[in-house]
Structure formats: C-alpha cells, structure tokens
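Each remark here refers to the structure printed beneath this line.
Every number in this text was worked out from the coordinates using simple rules, so none of it is lab data. Nothing here was measured: the structure is a model prediction, and the numbers come from that model. So basically every Cβ, Gly included, is an ideal-geometry build from the backbone, and we count neighbours across all protein chains shown.
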Number of protein chains: 2
Amino acid sequence: MEQHPFDQALRLEAAGSAQPDTWLGASSAAYWNMVGPFGGTTAATTLRAILLHPALLGEPIALTVNYASALAAGAFSVTARPVRTNRSTQHWMVALSQTDASGVEGVVMTASAVTAARRETWSANDTPMPALRFSEALPRFDFATSEWTQRYDMRAVSGRIPETWDGREDDSLTRLWVRDEPPRPLDFCALAAMSDVFYPRVWLRRATRVPAGTVSITTYFHADSRQLAQCGEGYLLGQARAQAFRNGFFDQSAQLWSAAGTLLATSNQLVYYKE
Amino acid sequence: MEQHPFDQALRLEAAGSAQPDTWLGASSAAYWNMVGPFGGTTAATTLRAILLHPALLGEPIALTVNYASALAAGAFSVTARPVRTNRSTQHWMVALSQTDASGVEGVVMTASAVTAARRETWSANDTPMPALRFSEALPRFDFATSEWTQRYDMRAVSGRIPETWDGREDDSLTRLWVRDEPPRPLDFCALAAMSDVFYPRVWLRRATRVPAGTVSITTYFHADSRQLAQCGEGYLLGQARAQAFRNGFFDQSAQLWSAAGTLLATSNQLVYYKE
C-alpha cells in the first residue's frame, strides 16, 4: 500500500550511530507552498524527529517552531536532543539544517518541545466548540496556487479567503472544517501541521494580499494519543483570529476541536507581513 | 543611586572572550517564589542575555522560554547564540545552566527568540483594552507567602485570588493593573516578566490551591522600544484566562495593554498542575 502523502513528507532516516540525535529527510513537493514547503509540514517533521528518538518520554504537550529561513527543495537534516529529562516531563531542542546552493550548511528552523507522561486529573474544557455542524454542502477551499492546500479538505464556515482583493476591512476570524486529503487517522504530527493551515489573517482583515509568512508558531496539545485516535479520519473544527497587527508583524491565535467538541490543541503564531 | 531590584535580579556579567555568547548571573532572592525565583524574572534574564549580545539585530518580537528544572539559589550561566541572521530578522537559541549540589551542570531553562528591525506598516489593534480605569482604591494583591509578589504593585479588577479555598468552580479570567514596585520605566525585559505575573488559572477556576508551575511560556511583543518608553512607569492592564485544563496541564492566555490602550504584548503559557 502506498504511504499517505503526509507520511511521505515526514519520512526521516537515522543519520547513523555517530549522530544518534540526527535524522535525514527531504522537503516535500506534495506540500509545496509559494517559496518552500508548507510550514505545518516542517513543524510536524521536527516533532516526528522527537517522536522517533529512542530516549522519548511521554507524549508532546508543547511545540514551538521558529522559521529562520526558507526551506529549499531537497535534503535536510534534523537534530533533536533531549536536553533535560525529569520524572514526568522531558525538554527538547531541535534544529533543522540544510546545505544551500553554495555548499554552506545553515540552520533553517529551530524548535523546542516538551513531552510529558500525563496523569488523569480534574479536567475542564473552557473553550466550547462553536455550535456548528459539518456539512458536505460547504464549498471546499479552492486555492490552486499552492500545492499544499490540495492535501487538505478545508471548508470554511466563515472568514473565507476574500473573493475580491478590494481592501475592504473586515474582522480576522476564520472558522473551518479540516481533515487530511486523502483522509488519514489523526496523530500528533497531523495536529501540529493542522495548527498552521489558516491562511494569513492580514489577507482577511484587509482584503489585501500582501506578502506574509510565519516567523514562529507555538502549539499546545491538550489531547493524548488515545483522544487523537478517537478522532479517526474525521474533520476537525478550526478557528483562527489575530489580536494585533503592528509594524510588520501580527499574531494569529487558533483552536482545533474534534467534531465531538474536545479542544485538541491551541496554537499561536507570529507572522511577518509587508506594507 | 541604588539599582532597581529588577535590574539587580537581571545583572549579567560577560563570561569572557573564550565564551563570547555566555553571561554569568545569580538567582534573585528579591524575586523568590516558592521553590525558585519568579519565572518571569528568569525569562527576562534570557532576554537580557540576547539584548546584551554585540551581534544583536533589532528588537524582540517573540520569546519562548521552557522551564526544564527549578532554578536554585546561586550562580548560573546563560548562553545566547544568534543561530541565523537575516536582513531584518534574527533567530536566537538560549540555554540557562546551573551546577547542582553534587557538582553536575545541567540545563535549567531553554529559550528561543526572534528579534527584528521593524518597519512602519498598516497596523490595527484588534483586541481593544477592556473599558477600565485605574483607581488607587483598588486593593493591592496581598500574597505575602511569595517574595516576588512584593516586587509588583498588582491590583485586580476581577478574578482575585480566592479568599476561601472552597472548591467552588468559577471562570478563569483575571484582569489586573500592574507595575513594578518601586516603579521602573517599562522595557522589553520588564514586559517579558509581567507577562508571567498571573497566578495559576487553576487556582481561580477551582478555588483549590493545587501545586502548579509554568512549563513553557511564549510572549509576542507588539510594541517597539519607543512605545514602551511612552508607558514610562505607568500601570499596565493585564488579562489572563485558560482555554483548557486536561490531565495535568492547562494553558493560560494573556494580554497586556498600556493605560492608553495599546496592546503591548500577548502571551501564552502551558502550566503543570496536580490532582
């Protein structure tokens, strides 16, 4: 059976026993964005390096990825080091490097993560899912300029990409249903990637398509692998909005719920924009 | 003139020319919390190491700090490396290490940050400050068990620390005015620390004082140094709430506005809790 494109994109091979923390991969054409692969895939790749590590303790609870430079087509290496292992939490530092056309190796992305062995405690979901139900009648995002958007089935309930770039100001809220295309069982890597599927809020807010790109994203995982498995291949409801746009950078705050209403992840990113 | 306690807490000395990225400091008794110094001060210390670095480009826009282990009383070292410098952004990785009682050096905290040279662009504040005015009549937080709370003048408008730990569930929202005590002109380090002044949301949500501690915090700076300087020694309005509590971890989402209503920073943290 052929691998799902997402699993192909995240394929990593151990660099060998001399570099026990390092994995080798290649950027994915199937998830290509405008000047590099979809950042969500790359974030998921750093997480995958952690999940592959033999010293791993527990499951991901927090992931921060900093996009230092555009990832080019071709090979890269990821180094994931457990810098501190406690009784129930583990702290990771990750760097993704690539050799450029002139043969110089440089850091393209840095990441940090925390994994933890969770215990059952009192719990509460204080951000109920908006009262929405999935409908096949909702039109799919059709954003054919980017290959990666074809790898998701995204259906906006509100806050669609503006049909006319007329500069009319609007609020920055998008709500959409999302799943992998073709469908794929949900796991931490998929959830990390889906936290980044929301197009730049500045496009919606201003109905103006200015250059924009994620600088840093932080995702908190509120679900464990059992809860993710319960989602199967179903749609998640996602929501994103900005809090402030100021002199070249804005933030984007997102939530992802299972169709059953469990808040699976909350995510924040800082995005560069021009003009 | 004696230095402000915050500047004393953040004092760093260059480790010498053999370690150009490393600074030496000591944890501050004046900002002591229950089992170590107030995490906000330590976050600010990692930022200060970046701001002291001769290779610094621009001003902070994003800071993520991961608390790997409790910082003990005494000396520590901070290493801040610029891992990638672009035309207008710079990416940093930071580690704070301490030698424990048995003589073993370990990483106590990791951090990553992005600094940037901002350009003037179209801007918008989409999270207006709640319509509140500072009043001297608001009672100061009196939380004498922790030394660090004495270093801030905090006045809750809503969401005070519960007076009785009776387990009555409430929402998790706190709004408070905050400034350094004694007053001190606002800068990036102070803003980084103030992003962490909100006591654990789980205490408010459950009116139950369970053990809790920050695991990871990410702060986005929406203001530049000129806007921070305009705040002078004035109070900021801060707001924090949780989105989800699940099996040992909850998130805490915060905003800090100048008294004039400018959103200066947004911050998110993941917090460990017991029971």
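Mean partner shielding of peptide B:98-109, defined as the number of other chain Cβ atoms within 10 Å of each residue Cβ, is 1.
With θ taken as phi - 60° and the Karplus curve 6.51 cos²θ - 1.76 cosθ + 1.60 applied, the whole-hertz 3J(HN,Hα) list for the range B:259-275 is 4, 7, x, 7, 6, 8, 8, 10, 8, 10, 9, 10, 10, 7, 9, 10, 6 Hz, x standing for glycine and proline.
Mean projection of the Cα convex hull over all viewing directions, computed for the range A:165-212: 4.2 nm². With Cα atoms defining each centre, the range A:207-253 and the range A:68-139 are spaced 12 Å apart in the structure. For the range A:244-258, putting each phi into the Karplus relation 6.51 cos²θ - 1.76 cosθ + 1.60 with θ = phi - 60° gives couplings of 7, 10, 8, 6, x, 9, 9, 9, 9, 10, 10, 10, 10, 10, 5 Hz, in residue order, rounded to whole numbers and with x for Gly and Pro. Once the gyration tensor of the Cα atoms in the range A:127-275 is diagonalised, the equivalent ellipsoid follows with semi-axes of 25, 17, 14 Å, ordered largest first. Sorted from closest to farthest, the other copies place their B:Thr164 label points 6.2 nm away, with each point set 7 Å from Cα along Cα→Cβ.
Taking each residue of B:247-256 in turn, how many C-beta atoms of other protein chains fall within 10 Å of its C-beta, and what is the average? Walk me through the numbers on the way to the answer.
Details: counts 12, 11, 11, 6, 10, 1, 6, 0, 2, 0.
Taking all residues of B:247-256 together, the mean is 6.
Counting only Cβ charges, +1 for Lys and Arg and -1 for Asp and Glu, the dipole size of chain B around its Cα centre is about 540 debye.
For chain B, taking the reciprocal of the average inverse distance between every pair of different Cα atoms yields a Kirkwood hydrodynamic radius of 19.2 Å.
Each other copy holds its own label point for B:Ala29; taking that point as 7 Å from Cα along Cα to Cβ, the gaps run 6.6 nm, nearest first.
Database remark: amide H of A:Leu264 closer than 5 angstrom to the amide H of A:Leu256, A:Trp257, A:Ser258 (H placed geometrically; neighbours at sequence offset of 5 or more, or on other chains; Pro and chain starts carry no H). Magnitude of the charge dipole for the protein assembly as shown, about its Cα centre and with charges confined to Cβ atoms of Lys, Arg (+1) and Asp, Glu (-1), is about 400 debye.
Under the classification rounded if a/c is under 1.5, otherwise prolate if a/b is larger than b/c and oblate if not, where does the range A:43-192 fall, given a ≥ b ≥ c as square roots of the Cα gyration tensor eigenvalues? Before the final figure, lay out the partial values.
Details: a/c = 2.25, a/b = 1.27, b/c = 1.77.
Note, shape of the range A:43-192 comes out oblate.
Between this copy and the others, label points of A:Thr145 are 5.6 nm apart in ascending order, each placed 7 angstrom from Cα in the Cβ direction.
When peptides B:234-242, B:250-258 are ranked by their average number of other Cβ atoms within 10 Å per residue, the highest-first order is B:250-258, B:234-242.
In peptide B:124-133, how many Cβ atoms from other protein chains are near each Cβ within 10 Å, on average?
Working: counts 10, 4, 12, 6, 0, 0, 0, 0, 0, 0.
Across B:124-133, the average partner-chain Cβ count within 10 Å equals 3.
Short to long, the 20 Å bins of the Cα pair-distance histogram for the protein assembly as shown hold 22, 59, 19, 0 percent of all pairs. Dipole orientation for the range A:142-275: of the candidates A:Thr218, A:Gly234, A:Gln150, A:Thr218 has the Cα lying most toward the positive pole (charges on Cβ; Lys, Arg +1; Asp, Glu -1).
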